[in-house]
Structures are given as C-alpha cells and as structure tokens.
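First up is the structure itself, then whatever we jot down about it.
The values are calculated or read from the model by the stated rules, or taken from the named source; none is laboratory data. Note that this is a predicted model, so its numbers are computed, not measured. Positions of Cβ are generated from backbone atoms using ideal geometry, with glycine treated the same way; all protein chains shown enter the neighbour counts. Quick note on the areas: whole protein, heavy atoms, side chains included, nothing else; ligands and nucleic acids left out. Shrake-Rupley method; radii C 1.70, N 1.55, O 1.52, S 1.80 Å.
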Amino acid sequence: MTNAVLTRREGSALIAQINNSARRNAIAKEHCEALSAALADASQDPSIRALIITGDETAFCAGADIVAAAQAAAAAQQSGETPNPAESTMLPQLNALVTEIRAAEIPVIAAVEGAAAGAGASLAFACDLIVAAEESYFTLPFGKIGLIPDGGVSLTALASVGRHRALALALLQDKLGVAEAEAAGIVAKRAPQGQALETALQLAQRLHIAPRDALAKAKEAVNRTALVQLDEQLAWEEPTQYAQMDSAGHREGVMAFLEKRPARFD
C-alpha cells in the first residue's frame with residue numbers, strides 16, 4: 001500500500017492521518033511504520049510542537065487490519081511455510097510505535113472521530129492527549145477474535161481508568177463513550193462531531209505556553225511513573241498474543257469476522 005499515512009503541516013503541528021478508509025482506518029505494518037516515521041520527523045524539527053494522529057470522519061482506527069493479516073498468513077501457507085505471526089501481523093511495529101510515542105520529546109495527540117477499537121484504542125491510549133468528538137468511543141474487542149488486549153493498552157488503560165474499569169473494558173468489551181471517557185479523565189478535550197482535528201490543532205497551539213524542552217521533561221516526569229512497566233508489559237504481551245493466535249478460538253473468531261457471522265466459541 002502506498003500513502004498508508006498522509007502527513008501535512010498545520011502551524012506548529014504535524015498531522016498524520018491514517019489512510020485506510022475502506023477498512024475504517026484499520027492498521028497494518030505499513031501504517032505503524034509510517035506513523036513512526038512521521039513521529040521521528042516531527043521530533044527532529046524544533047519548530048514542531050506536537051504530532052496529531054487522526055483517521056477520518058468515520059473512524060479514528062477500527063483496529064488491526066485482520067484481512068491483511070489473514071492474507072499474509074495464507075500467502076505463507078501457500079508457499080509451504082509455517083506462518084510466523086511476528087511477520088504476518090503488525091504487532092512488532094505497533095509495539096515499536098507505542099514505545100516511541102512514550103519516549104518522544106513532543107506531545108502526541110490523538111484526534112478521535114468514531115471508533116477507536118482494538119489496536120486503534122491501543123494507539124489512542126498510548127498518546128499523551130486525546131481529543132474526542134461527540135459520537136466517538138473506545139472499545140477493546142480483542143476477545144471476539146480470541147486474543148488479549150495488546151499494544152500496551154492493558155497498562156495504558158489501567159493508568160487512565162483504574163483496575164476494575166480496565167478489566168471491564170477487556171473482559172466485557174463494552175464501548176466507552178466520549179461522555180464517560182471525559183468523566184474518567186481520559187479525554188483532554190471534547191469536540192463537536194466532525195471537529196476533533198480542528199480542536200486538536202487548537203490544543204497544539206496552547207503548547208507554546210512553555211519551552212519545548214520543558215514540555216518534554218514534563219511528559220517524561222509523568223510517564224516514567226505511570227508507564228514505568230510499559231517495556232515489560234509489551235515484552236510479555238507479544239509472545240502471549242502469538243500463542244493466542246495459534247488457538248482454535250482465534251481461528252474461529254477470524255473466520256467469523258471474515259464470513260460476517262457470529263463467532264461460535266465453546
């Protein structure tokens with residue numbers, strides 16, 4: 001895929017827009033790699049104060065691109081190879097992106113319209129600030145395809161909402177609407193429908209309130225406490241998720257998704 005992420009400069013912010021509207025901005029390897037590249041570019045430019053990650057008016061990100069992952073696994077099987085999830089999925093690239101967001105010296109803002117689901121929620125929760133439009137929501141439906149929450153979201157959600165609310169999101173897989181997310185302190189700014197990006201740009205302009213290096217150290221001060229276990233969590237998640245990908249439950253969940261039917265779990 002070309003143009004996996006579209007970037008443009010607006011004032012002192014760099015906007016990185018996930019470009020996969022046909023699949024509600026689901027992400028694959030190339031999207032994670034392009035977002036990492038955009039973050040690196042923004043971090044190296046002293047005139048940029050923030051990276052804004054967004055989708056479009058229909059969805060921020062619907063999660064991992066299951067179709068792309070299934071096609072990669074099928075291609076490996078057809079060539080006589082045993083599918084390697086580290087190669088057929090984008091989990092290594094997503095984990096690298098999440099780590100880079102935490103370490104970046106500039107704030108990273110998620111401008112959310114519609115769904116931030118699965119890996120999309122992982123990406124949003126990894127960001128430093130979240131702007132969410134009126135009809136947006138967050139959900140962790142990993143269990144519906146026999147998987148665990150990944151991309152560090154079990155830790156970043158826990159840091160934001162507490163243990164029992166994080167468990168409810170992971171186990172019951174309910175939608176967390178913008179009103180509840182705002183009340184929980186997850187959403188830094190609530191925006192009218194269709195204006196999440198514009199509101200995020202306004203928020204980015206407020207970052208001129210302090211020197212760039214002071215903002216970097218303020219971010220580090222919070223994250224070195226709140227996310228001190230992120231590396232350990234990601235290191236545990238990855239092999240655990242690969243084991244789940246080899247399970248009957250995952251195979252049934254993916255087939256149900258591809259066949260557009262309810263999954264039949266024992």
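Computed values, structure above
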{"quantity": "Qualifying residues in segment 80-102 (those that are in contact (Cβ under 8 Å) with a residue 12 or more places away in the chain and charged (D, E, K, R)) - the one farthest from Tyr242 (Cα to Cα)", "calculated": "Arg102"}
{"quantity": "Pair list, Cβ < 7 Å and 6+ apart or interchain, from segment 178-203 residues that are more than 17 Å from Asp128 (Cβ to Cβ) to residues that are basic (Lys, Arg) and crowded, with 20+ Cβ neighbours inside 10 Å", "calculated": "none"}
{"quantity": "Residue match in segment 56-64 (condition: among the polar types (S, T, N, Q), open to solvent by 40 Å² or more (accessible area, probe 1.4 Å) and either at pLDDT 85 or above or within 20 Å of the chain's Cα centre (by Cα) (or both))", "calculated": "yes"}
{"quantity": "Residue check for Ala22: hydrophobic (A, V, I, L, M, F, W, C), assigned to a helix (DSSP H, G or I) and either within 21 Å of Tyr137 (Cα to Cα) or open to solvent by 30 Å² or more (accessible area, probe 1.4 Å) (or both)", "calculated": "yes"}
{"quantity": "Search result, residues across segment 249-266 that are outside any loop (DSSP other than H, G, I, E, B) and closer than 18 Å to Gln71 by Cα", "calculated": "His250, Arg251, Glu252, Gly253, Val254, Met255, Ala256, Phe257, Leu258, Glu259"}
